[in-house]
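To start, the structure itself, in structure tokens.
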Amino acid sequence: MNSSGFQTIDFVIFGAYIVLLVCLGLFLSRNKKGQEKNANDYFLAGNTLTWWAVGASLIAANISAEQFIGMSGSGYKIGLCVAAYELMAALALIVVGKFLLPIMITQKIYTIPQFLRERYNGGVGLAFSIFWLLLYVFVNLTSVAWLGTIAIEQILGIDPMYRMYIIIFLFVIAGVYSIYGGLAAVAWTDVLQVVFLVGGGLITAYFALEAVSGANGGAWDGFVIIFDKLKSLPEDTHFNLVVDRALSPDAFKDLPGIAAVVGGVWLTNLGYWGFNQYIIQKGLAAKSLDEAKKGLIFAGFLKILIPFIVVIPGITAYVMYTYPQDIPGIQEGYFNVHGNINVSDDAYPWLIRNFAPVGIKGLSFAALAAAIISSLASMFNSTSTIFTMDIYKQHINKKASEHQLVKIGRITALASLVIAAIAVQPLLGGLDQAFQYIQEYSGFIYPGIIVVFGLGLLWKRASSNAAVWTSILTIPMGILFKVAFPDMPFQFRMGYIFIVLFLIFVALTYMDNKKVNVELPVEEDRKKMLKWARFTFVIALTCLVSAAIQKIMYVSGSSNATVLYLENIGFEALFFFGALISSISLFLYSNSKDVVKDPKSLVINLELFKTNKGFAIGAIGICAIYTILYVMFW
């Protein structure tokens, strides 16, 4: 046994997983007899994905070292509140599945920039194409590979001098089947990956908690020990889903109270799950709209599992490392604990090295590798899709054949692999919580994305001029607010930026003279839209007025306990939620009343938003679990 605690069986399990993955990927990459892949086969899997493949692939693409290492690190430092991202994502998937994805599938789009080009103009589409390419190659690919490599080094005790070899290994494994086989190979191998990812993660969490309880206890006993220890500390908030600024000012800066429920986290999740190419591409590749919707519900249930896979282990590591005297498993001498947690992101590797049993170490390692490789594979495929369909076909070779498009797609994926491998640098090396860093700087773009994409999809008057200027102002606005309000929680900054960009977009739209006459919707649809417009307006107004009253009372020096408590849990987040709901009220009212529209607006049939009983039951189930968790851990 080496210093990592890994034995031969652990390496055999990991090696078997890699062999199985590559063989399955190559098998799925093969062409059908007598047929050659066309663009739809390569970039959208020939629209053959079933609901379980869509859901599994969404989660496999989403979960990477960012979650296993970064979110576990945040769990170690600030606790369960970081799980708000995952729990809110489950709700966001319901919204995307019911309202956004149906329009995209009906429009038969390959890429998100394609939608912008067709809805607004070529300039907006090209700008976002370039933006996404730069983001995928120089931020996403590099950060996923870097964080994953750091984790592998720590778990195996490998010298950092071998870091580039590990990065290249990860890139090659992800690229060997995704570059040749396209989205079909990526999505169907993701079914295998998500089994390892979720199964391995849950098993790791189970044995970590069992290690806490010692010789005569189980995982539940371990959880009770961890929970009771932290709850015995009056100032500790590790098991609070809603952060109180008075108790944990550092955690509040990352997750400001109820902003994680009704604030900026909605912008992050709707932007990520609704308008991120390497995520939404899985839904676009479904064999039918119904399969796509069911796939998103399935993904929502899987997202609810993620806190148990990564956040609970992070909290467990915190108690074991900080209070070893209260851990029966350590005090009884069953574990030879070695290594330090120098920064929060060391927590998950430290836990695996010290407390995962032989065999489970290999399975845990395979789960981490599955998370990294599946994300890299999806990013390679989406990078090639955007460049091929939005830049090459539109601006370089408009008459390209299907064979040429697939060839360029493969070349682009390979190029992105090489460029990312050359450019990868320790961008996150000095950070204590990589997950929070990624969330904050993603927040620079999501407010503008929600405004431009959301109103473009749903508001018939949304104009190209408004989209152009909102896109231009998005990042400068983020920088301005960051410089002007450096101590403001970034979720609050996102919310205020969204309000500003939304108002600019609406004002520019109403000033735009490029509009055409349109008939009003049928009477039944008009009544439905007006009904929901009034309902959402009441909710929005209630949120805005409530937040305003509380803030005025607080600023005026009120000593009322309720006012102070609401301030400490970030009640002002209702401003942002009110603004978001106001945008819904606006487009519903406008779509039902206005006799003009933008020349490129989409024709929206309310029938698109109807869902079957299965979707409704699944959505209710997700909402029920979400509510129970918040009641238990508020």
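Post the alpha-carbon centroid distance, segment 211-270 to segment 570-634, in whole angstrom.
After rounding, the separation between the Cα centres reads 28 Å.
Using a probe of 1.4 angstrom, how much of the accessible area of the chain is carbon and sulfur, in percent? Each step should come with its number before you reach the end.
On the way: 16190 of 24340 Å².
With neighbouring chains kept in place, the figure for the chain is 66 percent.
Using +1 at the Cβ of each Lys and Arg and -1 at the Cβ of each Asp and Glu in the chain, identify which of PHE27, ALA573, GLY15 lies farthest towards the dipole's positive end.
Working it through, the farthest residue towards the positive pole turns out to be PHE27.
Once the Cα atoms of segment 489-634 are picked out, what are the Rg and Dmax in Å?
For segment 489-634, the Cα-based Rg and Dmax read 19.4, 55 Å.
I want the local charge near GLN550. Using Cβ-Cβ distances under 10 Å, sum +1 for each Lys or Arg and -1 for each Asp or Glu among the other residues.
Spelling it out: positives minus negatives among the neighbours equals -1.
Name the residues of segment 222-242 whose amide N is less than 12 Å from a point 7 angstrom out from the Cα of ASP326 along the C-beta direction?
Within reach of a label on ASP326, which here means backbone N under 12 Å from a point 7 Å along Cα→Cβ, segment 222-242 contributes 224-239.
In whole Å, how far is the Cα centre of segment 376-419 from that of segment 109-140?
Taking the Cα centre of each part, segment 376-419 and segment 109-140 sit 13 Å apart.
Using the Kirkwood formula over every pair of different C-alpha atoms, what hydrodynamic radius in Å results for segment 128-282?
19.7 Å
Projecting each Cα onto the charge dipole of segment 219-343 (Lys/Arg +1, Asp/Glu -1 at the beta carbon, about the Cα centre), which of ALA251, GLY300, ILE315 comes out farthest on the positive side?
Farthest along the dipole direction, towards plus: GLY300.
Determine the shape class of segment 217-275: with a ≥ b ≥ c the square roots of the Cα gyration tensor eigenvalues, call it rounded for a/c under 1.5, and otherwise prolate if a/b is greater than b/c, oblate otherwise.
Oblate is the answer for segment 217-275, as a/c is 1.5 or above yet b/c matches or exceeds a/b.
Could you tell me which helices of the chain pass both thresholds, a Cα extent of 20 Å or more along their own axis and a mean Kyte-Doolittle hydropathy of at least -1.0, with helices taken as whole DSSP H runs?
8-29, 142-156, 163-181, 183-213, 289-306, 360-386, 402-423, 464-484, 490-511, 523-555, 573-593, 613-633
If the cut-off is 21 Å between C-alpha atoms, which lysines fall inside it for LYS593, apart from same-chain ones fewer than 8 positions away?
Leaving aside lysines fewer than 8 places away in the same chain, those within reach of LYS593 are LYS460, LYS514, LYS515, LYS527, LYS528, LYS531.
Sequence neighbours fewer than 8 away in the same chain don't count; with that in mind, list the aspartates and glutamates whose C-alpha is under 15 Å from LYS482.
ASP254, GLU440
To one decimal place, what orientation-averaged projected area in nm² is obtained for the convex hull of the Cα set of segment 572-634? Don't jump to the answer; show the numbers that get you there.
On the way: hull surface 27.5 nm².
That works out to 6.9 nm², a quarter of the Cα hull's surface.
Highest mean first, what order results for 318-331, 539-552 on Cβ atoms within 10 Å?
Working: 318-331: 18.1, 539-552: 16.1.
Going from most to least packed, we get 318-331, 539-552.
Run the helix sum for the chain: -39,500 (n - 2.57) per DSSP H stretch of 4+ residues, divided by residue count, reported at 222 nm to the nearest 500 deg cm²/dmol.
-21500 deg cm²/dmol
Before I look further, what does the chain give for accessible area per residue, probe 1.4 Å, in whole square angstrom?
Values: 24340 Å² over 634 residues.
On a per-residue basis, 38 Å².
Give, as a single signed number, the net charge of other residues whose beta carbon lies under 14 Å from the beta carbon of ASN121, with Lys and Arg counted +1 and Asp and Glu -1.
Every neighbour counted, the sum reads 0.
So the label point goes 7 Å from the Cα of ALA246 along Cα→C-beta, right? Which residues of segment 614-633 then have their backbone N under 20 Å from it?
Those under the cut-off are 633.
Cα to Cα, under 18 Å, and not fewer than 8 places away if on the same chain: which lysines meet these conditions relative to LYS293?
Straight-line reach from LYS293, under 18 Å: LYS98, LYS108, LYS282, LYS303, LYS610, LYS613.
How far is it, in nm, from the label point at VAL631 to the one at GLU402 when both lie 7 Å from their Cα along the line to the Cβ?
5.4 nm
Mind sorting out which of [x] 24.5, 79; [y] 33.0, 97; [z] 26.9, 95 is the real Rg and Dmax of the Cα atoms in Å computed from the coordinates?
Computing Rg and Dmax of the Cα atoms in Å and matching it to [x] 24.5, 79; [y] 33.0, 97; [z] 26.9, 95 gives [x].
Which of rounded, prolate or oblate describes segment 113-186 when judged by the alpha-carbon gyration tensor and an a/c cut-off of 1.5?
prolate
Pairs of alpha-carbon atoms within less than 8 angstrom and 6+ residues apart define the contacts here; what relative contact order does the chain have, in percent?
26 percent
The values are calculated or read from the model by the stated rules, or taken from the named source; none is laboratory data. Please read these numbers as outputs of a predicted model, since none were measured by experiment. Cβ coordinates were reconstructed from backbone atoms using ideal geometry, including for glycine residues, and neighbour counts include every protein chain displayed. Heavy atoms of the whole protein, side chains included, go into the accessibility calculation; ligands, DNA and RNA do not. Shrake-Rupley method; radii C 1.70, N 1.55, O 1.52, S 1.80 Å.
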